[in-house]
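Right, one structure below, let's go through it.
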Amino acid sequence: GRTLTFLRWPEAIDDHGAWRYEEDGGLLMKDGKIVAAGAYADVAPKAADDAARVDHRPHLLMPGFIDAHAHFPQMQVIASYGAELLEWLNTYTFPEETKFLNAQHGRRIARLFLDEVIRHGTTTVAAYCSVHKESAQAFFAESHDRDMLNIAGKVMMDRNAPDGLTDTPQSGYDDSKALIAEWHGKGRQHYAITPRFAITSTPRQMDMAGALAKEFPDLHIQTHLSENHAEIAYTCELYPQARDYTDVYAHYGLLGSRTLLGHSIHLSEREADALSDTGSVAVFCPTSNLFLGSGLFDYQRYRRREKPLRIAAATDVGGGTNYSMLRTMDEGYKVIALQGEKLNPFQSFWQITRGNAEALSVAGRVGTLEEGTDADIVVLDSRATSVMELRMETVTSLAEELFLLQTLGDDRAVREVYVAGKPAKSVIAG
Ligand code: GUN
Ligand code: FE
C-alpha cells in the first residue's frame, strides 16, 4: 500500500523533508517490529520466502494513532447533556465511576474500551482508570493481553467526591505502588501516577503523589490543568498559597518532561513559562473542550511563543465525544480556526502520530514507520463512505486527501489496525 510517516514537525504544507511518503510502499514486519520500510521494490526482496504478504493497495498506511488522554471508565458518560465541568463531574461522571469497584464491570468496560480504541485506529492511549485499583488491574490485564503499548494509572482522589470514589493519601500511595510493581514495564505496559486534579486531592495526597514521582522518576504523571474558569477559581481557593493553578502542581514536584496536563486552556504567560521550563506537556482535547464549553486551546500561540510548549492531542473520552483521532483533529482544526489560525493536514497527522509519541516520550518505539520500531499501524481508506468517495474524485494531492480523511473520516475509514505486527481490528467481533 501507500505509506506515510513523519520525520519531524512539518513547517508548511510543502515542507516535503518533514515526511516520507511512498506511493508504492512496503513494510516488512517480524516479531512485532518493523524490520524494513520503504519502496515496495526495495522491501520485498528482504522478505523470507514463507513470509505472509498482505496487499493494502490503494489504502494509506500510517503509524497507529496515539491518544494522549482518555478516561476508560467514562464509556457510559459520553453524551451526557447540559453541564459544564464541575457539574458534569458531580452529576454524571463520579456516579458512573463508582461502579468500577466491581472488578467484573471494570474488566468488561476495559475490553470494550480497547475494542473501540482499536476500531478507531488508535494503538496507544494514555488512560485514566477509576480510583479503584481493580479498574487499573482490569485495564492493564486487557491491554497486556492485546500486547498494546498503553500508559495508565489508578486515579488518586481523596476529597470532593462521593463515598465509594475516594482513596486516602496512604491507600492511594500504596495502591499506586502495588500497581507499579505489578504492571510497569510488564510487556508494553507503562504506569502513570494519576492524581485526578487539584480539586479532588488534599495537600497530603499531593505530597504522596510527589513522593511517588520522586521514587519513580521514569514514570509518567497525568492530571488535569486549567480546563474551566470555575475549576480554576475553586483550585485557587483550596490552595491559597499557590501563585496560580500551575503552581499547585509545581509545588508538589509534579511538573516535568513526563507530565501530561489535560486541557491547559486558560494559562497565564507565567504558567505557560512554567510548563515550558519544565518540559511539561499541554494536552489539547478539542471535542471535550467544545462539548463542555470549557474554552479554546490556543495551539498556535503555545507553539510559537518564545518559550514554546510541548503539545499532545487527545480525545478525553467521555468529556470528549469521539474515540477517533480523526474526529478529534477535525474539531481541533475548528478550534484553531476560531482563533484566526490554521493547522495544516501534515501538521495534524504529525501530531497524532510522531508528535504524540514525542510528547509521551515513546518516540523511537511507536509513532513512525521507521525500521526497528514496533509494528503499530493503521490502514486508512479515503473512500470509506459515499461522501468521501465523491469528494475524492476532485482530490489531486496528498495534502487534500489527508484533510479529507481528517474532516470526513471516522472509524469507517479505518480498514485495518496492526498492534505489534498482528491484525487487531479485523479480529474484533461486531
Ligand atoms: N477534571 C477532573 N476530572 C476530569 C474528567 O474526568 N474529565 C475532564 N474533562 N476533566 C476533568
Ligand atoms: Fe480528562
Out of curiosity, is residue 343 under 20 Å from the mean Cα position of the chain (by Cα), part of a loop (DSSP other than H, G, I, E, B) and more than 16 Å from ligand 1 (Cβ to nearest atom)? yes
Of the residues in the range 207-249, those that are in a strand (DSSP E or B) and away from ligand 1 (no atom under 16 Å from the Cβ) come to 220
Residue count, the range 150-202, condition in a loop (DSSP other than H, G, I, E, B), more than 16 Å from ligand 2 (Cβ to nearest atom) and in contact with a Lys or Arg (Cβ under 6 Å, 6 or more places away or on another chain), comes to 1
Those residues of the range 121-163 which are over 24 Å from residue 366 (Cβ atoms), at pLDDT 95 or above and not polar (S, T, N, Q) amount to 131, 132, 133, 134, 155, 156, 157, 158, 159, 161, 162
(Q) Criterion first (among the charged types (D, E, K, R) and over 20 Å from residue 213 (Cβ atoms)) does residue 270 satisfy it? (A) yes
Of those in the range 75-111 that are β-branched (Val, Ile, Thr) and out of contact with any helix residue (DSSP H, G or I) (no Cβ under 7 Å at 6 or more places or on another chain), the residue nearest to ligand 2 (Cβ to nearest atom) is 78
Subset of the range 7-29, residues among the hydrophobic types (A, V, I, L, M, F, W, C) and closer than 14 Å to residue 377 by Cβ, comes to 27, 28, 29
The helices (runs of 4 or more DSSP H) lying wholly within the range 13-106 that contain at least 3 residues that are surrounded by 17 or more Cβ atoms within 10 Å (Cβ to Cβ) and at pLDDT 95 or above are 94-97
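The values are calculated or read from the model by the stated rules, or taken from the named source; none is laboratory data. A quick note: this is a predicted structure, and the numbers were derived from the prediction, not measured. Please note: Cβ atoms are built from the backbone with ideal geometry, for glycine as well, and neighbour counts cover all protein chains shown.
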